[in-house]
1. Give the angle, between 0 and 90 degrees and rounded to the nearest 10, that separates the Cα long axis of helix 180-189 from the longest principal axis of the Cα atoms of the chain.
2. Among T57, V127, A193, whose Cα lies farthest out toward the positive end of the dipole of the chain, if unit charges sit on the beta carbon of Lys, Arg (+1) and Asp, Glu (-1)?
3. About the Cα centre of the stretch 246-328, what is the dipole size in debye to 20, counting +1 per Lys and Arg Cβ and -1 per Asp and Glu Cβ, all else neutral?
4. Which value, in debye to the nearest 20, gives the size of the charge dipole of the stretch 27-118 about its Cα centre, when Lys and Arg are +1 and Asp and Glu are -1 at the Cβ?
5. Going by alpha carbons, how many degrees (0 to 90, nearest 10) lie between the helix axis of 203-215 and the longest principal axis of the chain?
6. Taking the solvent-accessible surface of protein heavy atoms with a 1.4 Å probe, what is the per residue accessible area of the chain in Å²?
7. Longer than 26 Å from Cα to Cα, which of K3/K72; K211/K251; K72/K230; K3/K93 are they? Say none if no pair is.
8. Nearest-5 percent of antiparallel DSSP beta bridges in the stretch 145-260?
Amino acid sequence: MPKISKLAVLTSGGDAPGMNPCIRSVVRTAIYNGLDVTGIRRGYQGLIDGDMYQMETRSVSNILNLGGTILKTARCLAFRTDEGMELAYQNIKKHQIDAMVVIGGDGTFTGALRFSQKYPDVAVIGVPGTIDNDLYGSTYTVGFDTATNTVIQAIDKIRDTADAHDRLFFIEVMGRDSGAIALRAGISCGAEAILLPEKETAIDDLIENLKNGQRKKKSSSIVIVAEGDKHGGAYDIAKIVEKEVKNYDIKVTILGHLQRGGSPSAFDRVLGSRLGFAAVNALIAGESQKMVGLEANHIKLTGLEEALTQHQFKLEEDLMQMAEILSI
Ligand code: ATP
């Protein structure tokens, strides 16, 4: 088992609330175990640029409650190239780093796996940090709970005004490939319909459903549209529906980036802390090319390769059916 002495931590891809508690956990677990810790700014871009600094216990004071990521994040094209990876490796060698914790989504893990296959002397463990909740090997990803709660709070407010005016609202939420936020928010807010990338909704059925709601004297209707829905965004769907559904004032709200921000929920603070702790312990135990996740409330290690190949967007049919029944 190769002994590690210096560990680096970075956040990459889309930011997610709970990344800071995770960074804090990585830094303090590593220091507790006698390791040096280097923080890399702006994900793989910082690795290529050599934008890194030594982190101490106090570097992560008072960050549990902060959204975003104190290490900043980036989408880095150069890391996809062999030249970019070589520059990153040179910087890692220069700073005598022998292990990395990467916090991000599937793109981040793809980069981490390629990198550690090319340079196996650098051990890498991934922590699922993405609001999309779309990674195999962890029931929940860091950030998903907070983002869903943010969406729910916004939709509750929209419901008030929709009800007062007999309005039909199409609300677009994040999720290019994943309807996880849309589905949970739809159930939590009693949406009349939920449109997801994983399932093509027949527009005729949607129209019939909304007309039924009118017949049953519903005073407002909410349709949640995940941004990756096959029919396009909320504006596109609203345009189609307004030709058929009369006597409803139709409005569209795109929730956008507010879904990424805000103080992490208790769930995400605990999840981020647990996964950060587990990531460092896995590296100390000699693991590499794995993702730490939480399943049935237990820490589980999944090979990055497996996490990525099994990674598929599975629709939770039972939840979808329940949401339909409960919105009658
Ligand atoms: P989110 O799910 O929140 O979008 P993500 O980690 O999937 O997060 P991406 O932008 O897809 O976000 O990926 C993050 C970074 O990982 C990319 O900017 C790039 O630097 C790196 N990356 C992605 N795919 C590859 C690849 N095939 N090879 C090398 N690096 C990659």
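1. Value to nearest ten degrees: 50.
2. Positive-end residue among those listed: T57.
3. With only Lys, Arg, Asp and Glu charged at Cβ, the dipole is about 360 debye.
4. Numbers: 11 positive and 9 negative charges, 36 e Å.
My answer is approximately 180 debye.
5. So the inclination is approximately 60 degrees.
6. Solvent-accessible surface per residue comes out at 44 Å².
7. The pairs that break the limit, which is 26 Å between Cα atoms, are K3/K72; K72/K230.
8. If I count the DSSP bridges inside the stretch 145-260, around 5 percent turn out antiparallel.
The values are calculated or read from the model by the stated rules, or taken from the named source; none is laboratory data. These numbers were taken from a predicted model, which means no experiment stands behind them. With ideal geometry, Cβ positions are generated from the backbone for all residues, glycine too; neighbour counts draw on all protein chains shown. The area values use the complete protein model at the heavy-atom level, side chains included, leaving out ligands, DNA and RNA. Shrake-Rupley method; radii C 1.70, N 1.55, O 1.52, S 1.80 Å.
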